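One structure below.
The values are calculated or read from the model by the stated rules, or taken from the named source; none is laboratory data. A quick note: this is a predicted structure, and the numbers were derived from the prediction, not measured. Please note: Cβ atoms are built from the backbone with ideal geometry, for glycine as well, and neighbour counts cover all protein chains shown.
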Amino acid sequence: MKTATTSNDEIADTLDHVADLLELEGESGFRVRSYRNAAQTIRGLETPVTSLIKQDGEHLLKDLPGIGDKLAGSILEIATTGRLGLAERLEQETWPGQLFTEVPGIGEELARRIHEELGITTLEELELAAHDGRLEQVEGIGPDRAEGVRVALSGMLSRSSRRKLYEAAGLKEQKPPSVDLLLEIDEEYRRKAERDQLRKIAPKRFNPQGEAWLPILRTKRQGWSFTALFSNTALAHRQGKTHDWVVIYYEKGGPQQQATVVTAERGKLPGKRVIRGRERECREYYAM
């Protein structure tokens, strides 16, 4: 049994998993968002949740943004036991592989086939299968559709989930493309999107009308394969950044990784395009 070893990332992953399952069951958007927002809050904490619990039980958890009594109790359960009864109950209410239908391009029939042939049930397992070649062996999925699954899952899964993927596959994260190359891809994507020169896709999430509104760019540079598209996350929609934040997926003989490019609103580069997590390199780039 896990006690003080459950990390913030693991707790957040469980909360995100519950949100996915609730969404499948058609639960209210408010309840789904509450779990996603809680996951985001936990990931952003500098102090381990287990340390907060040791200090003052679950009371400190209730002081966190968006964490009420019920969510605090769920977080406490995950942190102290490594599991959540609600998640397990929801899993039992869904059929195996149903989560795969959340991935664009995978319907119920194909989701069942993937589960039956590969024996997998989670999105993390699906991404691993998409990278190691097993997914392409399933009838109805070729190289192009497998690539689409990898792109979709790159945006749906958290960084901690991706680290688990690398560890399970015995892979190491590769050194990312240079800042100037990523900003070059970002500029090309936004320019072509503005001129309506790119093919558009209809994302499944946050798109009830099924509108094909999301431009997508695929290109190769310096040995890298890039796929760029506007962010379609809940946070991007809430903050009105769906036509500002650009997610760039890249790979070069290894697992696909991603970078997010945004327009800085504060700090030392206001108004400039910067890559999240690489702000120092961006400052050096613009200084040159």
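Annotations for the structure displayed:
- Within segment 271-283, the residues that satisfy the criterion of being part of a helix (DSSP H, G or I) and in contact (Cβ under 8 Å) with a residue 12 or more places away in the chain are Glu279, Glu281, Cys282, Arg283.
- Every condition in (1) among the hydrophobic types (A, V, I, L, M, F, W, C); (2) outside any helix (DSSP H, G or I); (3) within 17 Å of the chain's Cα centre (by Cα) holds for Ala19 except the one numbered (2).
- Total residues in segment 177-224 satisfying the condition of being closer than 30 Å to Gly29 by Cβ and among the β-branched types (Val, Ile, Thr): the figure is 2.
- The listed residue being out of contact with any Leu (no Cβ under 6 Å at 6 or more places or on another chain), among the β-branched types (Val, Ile, Thr), at pLDDT 85 or above and outside the structural domain of Ala236 (by TED's automatic domain parsing), out of Ile106, Ile78: Ile106
- Qualifying helices (runs of 4 or more DSSP H) (wholly inside segment 65-136; at least 2 residues being without any contact (Cβ under 8 Å) to a residue 60 or more places away in the chain and closer than 18 Å to Gln40 by Cα): 69-81
- Counted residues, segment 48-64 - those being modelled with pLDDT under 85 and not in a helix (DSSP H, G or I): 4
- Tally of residues being surrounded by fewer than 20 Cβ atoms within 10 Å (Cβ to Cβ) and in a helix (DSSP H, G or I) across segment 35-47: 4
- Residue check, Arg199 buried (at least 19 other Cβ atoms within 10 Å of the Cβ) and in contact with a strand residue (DSSP E or B) (Cβ under 8 Å, 6 or more places away or on another chain): no
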